[in-house]
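The values are calculated or read from the model by the stated rules, or taken from the named source; none is laboratory data. None of these values were measured; they are calculated from a predicted model. Using ideal geometry, Cβ is built from the backbone for each residue, glycine included, and neighbour counts are taken over all protein chains shown. In case anyone asks, the SASA skips ligands and DNA or RNA and just uses the protein heavy atoms, side chains included. Shrake-Rupley method; radii C 1.70, N 1.55, O 1.52, S 1.80 Å.
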Amino acid sequence: MDKFVVASLRQSAGKTSMIIGMTKALNGSIGYIKPMGERFLYRKKRLWDYDAALITNIFDLKENPEEMSIGFLHSKLHYMLDEKTTREKLQELLVSVGTEKDLFFAECGRDITYGASVHLDAISVAEQLDAQLIIVVSGDEDGILDDLIFLKKNIQPGQVRIKGVIINKVANVVDFCDTRLPEIKKYGINVLGVVPFYKELPYFSLSYLADRLFAKIIAAEDHLNRTVKSIFIGAMSADAALNSPLFKQECKIVITSGDRSDMIIAAMESDASAVILTNNILPSSSLITQAARLKIPFLLVSADTYEIARQIENMESLLTKNDSEKIALIEQMVRNHVNLESLRQL
């Protein structure tokens with residue numbers, strides 16, 4: 001079994017996506033843990049990590065996602081476990097989810113130091129599991145170079161086995177490989193791949209949006225697989241909206257109050273991806289029927305228009321189990337841009 005700890009120096013580098021892509025590209029059975037959960041979900045009196053639930057659903061794992069994390073809060077872990085018991089817990093997770101698997105991934109927290117005070121940072125986890133460390137980095141080119149050189153200078157030889165780094169979300173791969181990659185390789189850093197930025201990946205689906213907003217679907221519930229690319233706040237008159245270039249953008253959602261029938265009609269006529277109805281106000285039954293016929297979802301929420309717009313603006317775009325096109329794209333980009341043969345070599 002190949003054991004890897006996947007970490008990053010900064011948040012949202014793309015660790016989960018890389019794990020999904022590598023597993024699919026290598027076509028092996030997977031064991032997965034998220035020792036210190038972050039994006040925790042609470043459903044039916046059960047607590048689990050979002051990424052653990054995602055991996056479980058995508059790869060149809062038999063393990064329960066709540067059993068893939070040791071804990072979530074520093075304060076609880078600090079008083080419940082010492083270094084010895086933490087090591088024992090990690091070994092128990094390795095046995096319970098990694099037995100008879102081709103690949104084993106331990107995904108660490110938001111950055112490489114996260115969890116250090118409770119012995120669950122990336123370096124500690126890699127040492128305790130005797131696993132190879134894969135570092136995922138992203139950002140602007142100077143930031144990537146800073147991160148990698150810092151990594152090289154501060155992880156001592158023999159401290160942990162570093163498999164290599166995956167440089168993710170690169171705007172111009174050809175230019176990066178010509179100008180930056182030679183300098184990185186001078187430091188003896190093993191680069192497993194340079195993955196380009198794909199503009200499709202940051203967009204989220206309506207189903208994800210509905211779930212995060214705790215919205216009630218009152219029309220076209222079977223059409224939540226649409227992609228959201230832009231947001232239009234329908235606070236002006238319908239005539240003013242129709243004259244706005246923003247209103248003409250594709251794959252938009254329109255946020256407006258449920259009593260603004262003029263704006264709702266304009267949104268449907270412009271083929272909006274969906275209409276978010278605020279203030280918990282239902283539109284007329286005829287408009288709901290029309291939306292169902294046009295296959296335009298209506299999402300009903302209790303907050304006002306500007307609060308919903310603020311929530312969406314601050315929302316982190318996360319992959320969902322139903323994002324089949326994105327998952328296929330992630331697999332393909334790993335196949336095309338990551339050295340899979342190097343991953344197979346211990």
Over the residues of the stretch 1-156, compute the C-alpha Rg and express it relative to 2.2 N^0.38 Å.
1.00
In this structure, among K3/K89; K169/K248; K24/K326; K295/K321; K24/K89; K152/K185, pairs with alpha-carbon gaps over 20 Å are K169/K248; K295/K321; K24/K89
Run the accessible area of the stretch 49-168 with a 1.4 Å probe and give the carbon-and-sulfur part as a rounded percent.
50
Quick one: dipole size for the stretch 273-325, taken about the Cα centre, charges +1 on Lys/Arg Cβ and -1 on Asp/Glu Cβ, in debye to the nearest 20.
300
What does a probe at K62 reach in the stretch 91-126, counting residues whose amide N is under 20 Å from the point 7 Å along Cα→Cβ?
92-105
Tell me which label goes with the value of percent of Cα pairs over 29 Å apart computed from the coordinates here: (1) 47; (2) 62; (3) 36.
(1)
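With every protein chain kept in place and ligands, DNA and RNA left out, what is the accessible area per residue of the stretch 11-104? Probe 1.4 Å, answer in Å².
Values: 4750 Å² over 94 residues.
In whole numbers, the stretch 11-104 has 51 Å² accessible per residue.
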Among P202, L120, L192, the residue whose Cα sits farthest towards the positive end of the charge dipole of the chain, when +1 is placed on the Cβ of each Lys and Arg and -1 on the Cβ of each Asp and Glu, is L120
Ordered by residue, what ³J(HN,Hα) values in Hz, to whole numbers, does the stretch 222-238 give under the Karplus form 6.51 cos²θ - 1.76 cosθ + 1.60, where θ = phi - 60° and Gly and Pro are x?
7, 10, 8, 8, 5, 8, 9, 10, 8, 10, 10, 8, x, 9, 9, 6, 5
Percent antiparallel among DSSP beta bridges (both partners in the chain, rounded to 5):
20
Rounded, prolate or oblate: which one fits the stretch 251-346, using the alpha carbon gyration tensor with axes a ≥ b ≥ c (rounded when a/c is under 1.5, else prolate when a/b beats b/c, else oblate)?
prolate
If each part is reduced to its alpha-carbon centroid, the stretch 223-280 and the stretch 11-74 end up apart, in Å, by 35
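Note the full-extension length gain between R310 and M1 as 0.36 nm times their separation in residues minus their Cα-Cα distance, in nm to one decimal. Before the final figure, lay out each step's value.
Numbers: separation 309, 0.36 × 309 = 111.24 nm, distance 4.52 nm.
Stretched fully, the R310-M1 segment lengthens by 106.7 nm.
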